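Quick notes on the structure that follows.
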Amino acid sequence: MTRTVYLNGDYMPETEATVSIFDRGFVMGDAVYEVTCVLDGRLTEFDGHMARLARSLKELEIPCDISRDEWLEIHRKLIELNGLQEGGIYLQISRGDVGDRDFHYPPAGTPPTVVLYTQSRPGLSTDPKADEGIKVISVPDLRWHRRDIKTVQLLYASMAKMAAEKEGKDDAWFVEDGFVTEGSSNNCYIVKNGKIITRQLSNDILHGITRSSVLKMAQEAQMEIEERPFTIAEAQAADEAFFTSASAFVMPIVEVDGVAVGSGKPGSVAKRLREIYISESLKSAI
Ligand code: PLP
């Protein structure tokens, strides 16, 4: 099916949506993005994603004056035009097109390039992977040091995922100075003696919208949380492990670098948090 996408104020068939070869997103990776999950035809965590988008834009000084309500209208229109039930909306804003390749930022007034499109993923909330758990490998974290900004510079994350796939595993965890930072596209957790351990927020990791909600829900469910870095050895000796992201919610991890975590099956904390997160997301979706 040809999707209807959004480009710079217009809705059009994906085959007609084109961006300049000089666009800074294309030439320099000078762009930020968000992915908002859609369940039951409605948006989950919309305000969290829009708040992080505003922060990413501010940190990079990319001008964009689209308001929260305008974003909501665009998201909803794309859901409607494409009959999206389950999946996500990808949103990207680049610093725009100055008509040539240039390291300098474009002059004030240059409009950003704004693209949004739907990605249909039927069965997202009932992914059988969540029943089996996934396997991860570790790789050195060779990304830049502003991982708190959600930029489209995803080459290293892509390489890490390919490396995992080559080894017959599902995903990769990044390790820096002996400690896990995060997953290739998710935040990571271990559980030891009932306590959930996850790295604290800093420029070292993306401030996951799912992370924030899941930690709140865990707290409300009287679970103990410790925000600190952990090592691969600790993860291998943990009772369970899991990751969170907008499109996978809470995903149990059953193997780290070839070593089974806990029983080698999804743990009860991850399973419970996944259930709570999906049901609360459905309740609060807009
Ligand atoms: N960390 C990285 C590097 C990511 O790319 C993502 C999501 O894309 C996350 C964490 C999880 O963030 P969120 O829960 O907002 O999807």
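Please tell me the relative contact order of the chain in percent, rounded to the nearest whole number, where contacts are Cα pairs under 8 Å and at least six residues apart. Taking the mean separation of contacting Cα pairs over the length of the chain, I get 19 percent. Annotation: amide H-H contacts under 5 Å for D257 (H modelled 1.01 Å from N, sequence separation of 5 or more, or interchain): V136, I137, S138. When the inverse distances between all different Cα atoms of the range 129-284 are averaged and flipped, the Kirkwood radius reads 15.3 angstrom. Computed over the alpha carbons of the chain, Rg followed by Dmax gives 19.3, 58 Å.
Please report the antiparallel percentage of the DSSP beta bridges confined to the chain, to the nearest 5.
Details: 46 of 58 bridges.
The answer is about 80 percent antiparallel.
Applying the Karplus relation 6.51 cos²θ - 1.76 cosθ + 1.60 with θ = phi - 60° to the range 59-69 yields 3J(HN,Hα) values of 4, 9, 6, 8, x, 7, 9, 6, 7, 4, 5 Hz, where x marks Gly and Pro.
Output the 0 to 90 degree angle, nearest 10, between the alpha-carbon long axis of helix 268-284 and the longest principal axis computed from the alpha carbons of the chain. It is inclined by approximately 30 degrees.
Distant-in-sequence amide contacts of G262, defined by a placed amide H-H separation under 5 Å and a gap of 5 or more residues or a different chain, comprise A238. With both labels modelled 7 Å from their Cα along Cα-to-Cβ, the K216 to T110 distance reads 3.7 nm. DSSP bridge analysis restricted to the range 129-284 gives an antiparallel fraction near 60%, rounded to the nearest 5. Using a Gaussian network model of the chain in which every pair of alpha carbons under 10 angstrom is joined by a spring, one finds that among E176, E167, E86 the greatest mean-square fluctuation is at E167. Taking each of K77/K161; K161/K195; K58/K150; K216/K271 in turn, the alpha-carbon distance tops 23 angstrom for K77/K161; K161/K195. Against the empirical 2.2 N^0.38 Å (N residues), the range 29-180 has a Cα radius of gyration ratio of 1.20. Dividing the summed -39500 (n - 2.57) terms of all DSSP H runs of n ≥ 4 by the residue count of the chain sets its mean residue ellipticity at 222 nm at -9000 deg cm²/dmol. Between S184, S245, S158, which gets the highest mean-square fluctuation from a Gaussian network model of the chain, Cα cutoff 10 Å? Highest fluctuation of the listed residues: S158. Build a GNM of the chain with springs between Cα atoms under 10 Å apart, and of D177, D239, D204 the one that fluctuates most is D177. Taking a straight Cα-Cα cut-off under 19 Å and skipping sequence neighbours fewer than 8 places away in the same chain, the aspartates and glutamates within cross-link reach of K265 are D127, D131, E132, D170, D171, E234, D239, E240, E255, D257, E275. Phi-derived couplings, Karplus 6.51 cos²θ - 1.76 cosθ + 1.60 at θ = phi - 60°, listed residue by residue for the range 82-94: 9, x, 6, 9, 9, x, x, 10, 8, 10, 9, 10, 10 Hz, with x used for Gly and Pro. Per-residue Karplus couplings for the range 184-198, computed as 6.51 cos²θ - 1.76 cosθ + 1.60 with θ equal to phi - 60°, are listed in order as 4, 8, 6, 9, 10, 9, 10, 10, 9, 6, x, 9, 8, 10, 8 Hz, Gly and Pro entered as x. Counted residue by residue at 0.36 nm each, then reduced by the alpha carbon distance between them, the extension gain from T126 to S263 reaches 47.1 nm.
Annotation: amide H of Y105 has no partner in the under-5 Å range at sequence separation 5 or more or interchain, hydrogens built in the peptide plane.
Where a number appears in this text, it was derived from the coordinates with a stated rule and is not lab data. These numbers come from a predicted model, not from an experiment. Every residue, glycine among them, receives a Cβ derived from its backbone with ideal geometry; neighbour counts consider all protein chains shown.
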